[in-house]
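Note sheet for the following structure.
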Amino acid sequence: MDMSLCAKVVDMSNLQELQDEISYILCKYEQFFPPAFFDIMIHLTVHLVREVKWCGPVYFRWMYPFERYMKILKGYVRNKTRPEGCIIECYIAEEASEFCCEYISGLQSIGVRDVTNDGIQSRRGSVVCTVSRDERDEAHRLVLQNVTEIEPYIEKHFNWIKAKYPSKARNQRWLQNEHYRTFSSWLENKVVNEMSKTSTNVTDIVKWISRGPSFSVTKFLTYMVNGTQFNTAEYDNDKTTQNSGVSLVARTVQISTSKDRNPVQW
């Protein structure tokens, strides 16, 4: 949407589609974010398309880039009696540092340091604890629903439930609850039966995931996954810098009310 609105040439035929899209996105946000998230800046996006219709391309009049950079310049001020001098001095120092980092090999820009290790190198600071059966089963089900190799088994389990309980096959909510309750144990038995057949190839991922996790887990204050560092809240509170640019793509089942018999998967 940003690319379409901020382009130098605006296609007027697509503006109504953009308006419908931002309205749909905000409605979806309301399902996941608290009311405090929807401040005036979030609400502003509703009016951007209408602003383009009335005033034309935004690059002629938008001041947001300049306002954001003014915030950076204000952060340079250390002596409020000489704000201009502080801004000039810090700006020159930053430009000199960036110039050296760009043209001198082996240096990197100031900011969040790059991650050079992947995974835990030692177990210092880790704690081994025991989780309850409910927590263990909940974590296992979450993993099963988001692993590509398990997707064929999910479809087979739904078909198995419908064949076993034909009278309840049309009740989508009951099917989802039954799948949620019995899928872990069914998958374990299914994989064991397939492994007993020499003609069936079961991947190592399916083999290990079907057995389920252990009740004893190791907790770390920080951990590296695919080059991304995850910290606990207690560990992050003691840091002067934060890097919260983490996103997770997952699927969940949505129902409108407690009596909704047609859940939708997102």
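The values are calculated or read from the model by the stated rules, or taken from the named source; none is laboratory data. On a predicted model such as this, the values are computed, not experimentally measured, just so you know. No Cβ is skipped: glycine too gets one built from the backbone with ideal geometry, and neighbour counts run over all protein chains shown. Protein only, heavy atoms only, side chains kept; ligands, DNA and RNA dropped before computing areas. Shrake-Rupley method; radii C 1.70, N 1.55, O 1.52, S 1.80 Å.
So the values come out like this:
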| read-out | value |
| --- | --- |
| Residue among S97, S105, S13 that alone is surrounded by 12 or more Cβ atoms within 10 Å (Cβ to Cβ) and either modelled with pLDDT of 80 or more or out of contact with any Phe, Trp or Tyr (no Cβ under 6 Å at 6 or more places or on another chain) (or both) | S97 |
| Qualifying residue in the range 219-226 (condition: exposed (fewer than 15 other Cβ atoms within 10 Å of the Cβ), modelled with pLDDT under 80 and over 23 Å from the mean Cα position of the chain (by Cα)) | no |
| Matching helices (runs of 4 or more DSSP H) fully within the range 20-103 where at least 3 residues are over 15 Å from C6 (Cα atoms) | 40-44, 64-75, 83-103 |
| Test result for F60, open to solvent by less than 90 Å² (accessible area, probe 1.4 Å) and either farther than 30 Å from I255 by Cα or at pLDDT 85 or above (or both) | no |
